[in-house]
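Let me begin by presenting the structure, written as structure tokens, before commenting on it.
Nothing in this text is a laboratory measurement; each read-out follows from the coordinates by a stated rule. Every value quoted in this text rests on a predicted model; they were computed, and no experiment measured them. FYI the Cβ positions are ideal-geometry reconstructions off the backbone, even for glycines, and counts take in every protein chain you see.
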Amino acid sequence: MLKQQLVKYIFSLALVLFLFSCKKESTTQKPIITDCDSNQITYNSKVKPILKTNCYNCHSTAVTANNPSMDFENFANLKTYMDLHFHLDTSYGSQFYNNILHTLGAKAMPPDKKISACEIRTIKLWIDAGALEN
Ligand code: HEC
């Protein structure tokens, strides 16, 4: 009898811990973004300024003269990179997005800090809409 109660107790405890761990995970994966204007996202109005501020010091045309595939100031290069490194229909998705998201295993970009959640979301929405030069 005592053994049965103990088993029930351990089972309940395990269940509670399991549910708790699920809850924790979903809150960390979905940051609450307030004050983020995600309307009318175009490359020129929203995305380019983010790249200019946070990426051009290492990914401008001038800086990448010896490594043009990393030139993200030049739109054609940026687009080529996007298309080559987009793994459609896999959980991995866009390499570029994983870099700015600092996904485990991806090269963190920028290397020394994470751009804001709103900036990441802006770039994601632009990629989802086809990463156009609009
Ligand atoms: C302090 C310099 C620096 C900054 C700032 C920076 N990067 Fe990078 N980035 C690098 C270096 C160095 C590499 C590696 C280049 C190589 O492999 O030839 C790189 C590589 C990348 C790659 C290729 C990743 C891969 O897995 O091969 C992407 C995409 C990228 N950066 C995007 C960005 C974006 C977007 C930003 C701004 C949000 C940014 N980077 C800011 C230095 C920087």
- Message: Quick check: the distance between the Cα centres of the stretch 37-65 and the stretch 80-134, to the nearest angstrom?
- Response: 13
- Task: Please list, in chain and number order, the residues 5+ apart from GLY93 or on another chain whose amide H is under 5 Å from its amide H, with Hs placed from the backbone.
- Result: HIS87
- Would you calculate the separation in nanometres between label points at LYS3 and ASP128, each defined as 7 Å from the Cα along the Cα-to-beta-carbon direction? 5.4
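Once the Cβ-Cβ distance between ASN66 and HIS102 is put in as r, and R0 is 25 Å, what FRET efficiency do you end up with, to the nearest 0.05?
On the way: r = 26 Å, r/R0 = 1.04.
That pair, ASN66 with HIS102, gives E of 0.45.
Among LYS48/LYS79; LYS46/LYS114; LYS79/LYS113, which pairs are too far apart, with a Cα-Cα distance over 20 Å? Mind showing how you got there, number by number?
Values: LYS48/LYS79 13 Å; LYS46/LYS114 17 Å; LYS79/LYS113 24 Å.
From LYS48/LYS79; LYS46/LYS114; LYS79/LYS113, over 20 Å: LYS79/LYS113.
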